[in-house]
Amino acid sequence: MKLRLMTFLKRLKSMKRLISPGLLPAIINLPSSKSYANRALILAALKPGSQTIHNLSSADDVLFLISALKKIGLQVEQEGGKVTILNSFPACETDNVSAIEVGEGGTTARFLSSMLLCGSRPYTLILGKRLKDRPWDEFITEASLLGAKIELRDNLLTIQGPVIFPKKLEVDCARTTQFASGLQLVSAFSETEIIPLNMNSSADYWSMTKDLIEHFKQKSDFHIPLDWSSASYPLAFAALKQEVFFPGLFIDSFQADSKFGLILKDVGVMFESSLGITVKPYAVQKNFSLDVSGCLDLVPALSFYLAHVDGFHKLRGIENLVHKESDRLTEVLGLLKAFKIDTCIENNELVIHGDPDYRFHQPLDLEMKDDHRMVMTAALFLRFYDGGTIVPSEAVNKSYPDFFSLMS
């Protein structure tokens with residue numbers, strides 16, 4: 001109930017957001033990674049004994065998972081960004097657990113549902129309005145074959161285990177790797193080997209999962225690094241318009257979106273030090289041809305950046321963009337065209353004609369899908385040009401609750 005009230009109050013406060021043209025702060029402190037956080041929370045919930053996670057994000061995806069863990073019987077102590085889980089699942093199971101809200105988070109719902117397969121009580125997850133339409137068939141089929149009672153009816157996912165995991169389990173990753181990662185997390189302290197099939201994207205996140213498992217096998221605490229997905233938006237803006245320092249941000253091979261840092265470093269606008277990363281704008285002339293299948297969440301911010309870099313740019317590996325919080329392929333195209341930027345889909349590639357001198361001289365009122373990454377990208381355009389308004393601004397709470405403080 002507390003989480004629902006908190007989410008409602010956040011949304012009530014920020015429904016329509018006015019964005020004025022201008023710069024960003026010269027120093028930007030970023031939130032921590034929710035991709036790391038949700039994996040670490042599941043591992044901490046499964047490992048017996050006290051486990052502590054430091055520097056947790058206040059993103060909705062993380063808060064929903066913490067709330068769900070409490071609801072299924074885990075003893076969770078919170079102090080700022082520090083969370084300690086004192087017991088473990090499924091030993092903590094209690095009777096008569098009411099339906100559990102999981103919001104729109106893919107990792108929140110998919111990792112939690114994987115863990116619930118280990119329990120013996122029935123559970124019902126209330127999926128967000130977009131999340132219910134994203135891929136679930138792979139998980140439902142696999143869970144049923146393992147012996148679970150599972151059904152998705154409208155936005156209610158009902159699950160009852162326990163299941164018996166084989167020594168080797170193949171999982172289809174053609175549309176998403178999150179089910180494979182979830183089952184890998186659940187199997188972390190057993191002899192089961194999860195074998196991903198058709199892994200066309202998100203290989204870095206699969207590696208992140210395996211690395212975290214090895215960490216929790218040896219240690220009982222973990223510090224969450226900063227989030228490269230959140231970083232991509234101010235990075236893209238800074239690389240075009242102003243110098244910005246990002247303290248504590250470092251290239252992280254397990255975060256797919258840190259590829260943006262490598263791109264900016266390669267063209268000479270990003271500089272690393274022992275304290276963090278500095279970005280300085282520089283006129284770049286280059287025809288980018290990038291495979292983004294492994295970093296799909298980067299596409300909106302990358303599209304904003306490339307729209308202002310001199311050249312013809314092509315992004316391939318974009319097929320699974322349609323399975324995100326919105327159909328992001330359609331939404332990116334629509335946003336670019338709203339600002340009269342030359343773009344199209346050609347031979348299964350997103351093609352963008354970048355122009356460093358282009359400016360859109362008109363405030364716009366933008367009504368976006370309820371997709372945090374598209375809302376943040378739209379805000380970059382408004383800030384970069386002549387401003388305007390944007391709804392639903394509360395969408396950013398999913399991953400970067402403080403995002404609009406950059407725009408104030």
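Values in this text are rule-based calculations from the coordinates and carry no lab data. Here the structure is a predicted model, which is why all the values come from computation and not from measurement. Ideal geometry is used to build each Cβ from the backbone, glycine not excepted, and the neighbour counts take in all protein chains shown.
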Point to revise | Label-reachable residues, the stretch 137-153, where backbone N falls under 17 Å from a point 7 Å from I164's Cα toward its Cβ | key: 143-149
Exercise for review: Restricting things to alpha carbons, find the Rg to Rh ratio for the stretch 10-159 using the Kirkwood radius for Rh.
Suggested key: 1.03
Check your understanding: Where does each of 373-381, 123-131 land if you order them by average Cβ count within 10 Å, highest first?
Key -> 373-381, 123-131
Check your understanding: T377: net charge of surrounding residues, Cβ under 12 Å, Lys/Arg +1, Asp/Glu -1, itself excluded?
Key -> +1
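Ranking request for peptides 272-278, 136-142: highest mean number of other beta-carbon atoms within 10 Å first, then the rest in descending order.
Ranked by mean Cβ neighbours within 10 Å, highest first: 136-142, 272-278.
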Practice item. Could you list which residues have their amide H under 5 Å from that of L249, counting only those 5 or more apart in sequence or on another chain, with H placed in the peptide plane? Key: I277
Practice item. In whole Hz, with x marking every Gly and Pro, tabulate ³J(HN,Hα) for the stretch 270-283 from phi via Karplus 6.51 cos²θ - 1.76 cosθ + 1.60, θ = phi - 60°. Key: 10, 10, 9, 9, 6, 9, x, 10, 10, 10, 10, x, 7, 5
Point to revise | For the stretch 336-407 and the stretch 83-123, distance of Cα centres in Å | key: 36 Å
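About the Cα centre of the stretch 34-223, what is the dipole size in debye to 20, counting +1 per Lys and Arg Cβ and -1 per Asp and Glu Cβ, all else neutral? All intermediate terms of the calculation are to be shown ahead of the outcome.
Details: 20 positive and 22 negative charges, 23 e Å.
In debye, rounded to 20, the stretch 34-223 gives about 120.
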Review point. In the stretch 98-183, what % of DSSP beta bridges are antiparallel (nearest 5)?
Key: 75 percent
Point to revise | Neighbourhood charge, 11 Å Cβ-Cβ cut-off, centred on F165 and excluding it, Lys, Arg +1 and Asp, Glu -1 | key: -1
Study note, to complete from the structure: Low-density loop chymotrypsin sites (Phe, Trp or Tyr not before Pro), the stretch 281-370, at most 14 other Cβ within 10 Å, DSSP non-H/G/I/E/B, are Y282, Y358
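State to the nearest 20 debye the size of the charge dipole of the chain about its Cα centre, where the only charges are +1 on K and R beta carbons and -1 on D and E beta carbons.
740 debye
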**Study point:** Cβ-based exposure ranking for R316, R153, R17, in which fewest neighbours within 10 Å come first
**Key:** R153, R316, R17
Revision key, fill the gap. Taking Cα atoms only, Rg over Rh for the stretch 272-397 with Rh from the Kirkwood formula is 0.96
Exercise for review: Within the set of other residues whose C-beta is less than 14 Å from the C-beta of V299, count the net charge using Lys and Arg as +1 and Asp and Glu as -1.
Suggested key: -3
Review point. Which order do K340, K280 fall in if you start with the one that has the fewest other Cβ atoms within 10 Å?
Key: K340, K280
Exercise for review: Considering Cα pairs under 8 angstrom that are at least six residues apart, work out the relative contact order of the chain and quote it in whole percent.
Suggested key: 19 percent
Revision key, fill the gap. Pairs over 27 Å Cα to Cα, from K82/K219; K129/K149; K70/K210; K149/K219, come to K149/K219
Practice item. Round to the nearest 10 and give me the degree value, 0 to 90, for the angle of helix 2-13's Cα axis relative to the longest principal axis of the chain. Key: 10 degrees
**Study point:** Helix 60-71 vs. the chain, principal-axis angle (Cα, 0 to 90°, nearest 10)
**Key:** 10 degrees
**Study point:** Ranked packing of 391-400, 213-222, most packed first, by mean Cβ within 10 Å
**Key:** 391-400, 213-222
Practice item. Give the distance, in whole Å, between the Cα centre of the stretch 241-277 and the Cα centre of the stretch 138-153. Key: 41 Å
Review point. Per the helix-only calculation at 222 nm, which mean residue ellipticity applies to the chain, given -39500 (n - 2.57) for every DSSP H run of n ≥ 4 and division by its residues, nearest 500 deg cm²/dmol?
Key: -10000 deg cm²/dmol
Review point. How far, in degrees from 0 to 90, does helix 372-384 lean away from the longest principal axis of the Cα atoms of the chain, to the nearest 10?
Key: 20 degrees
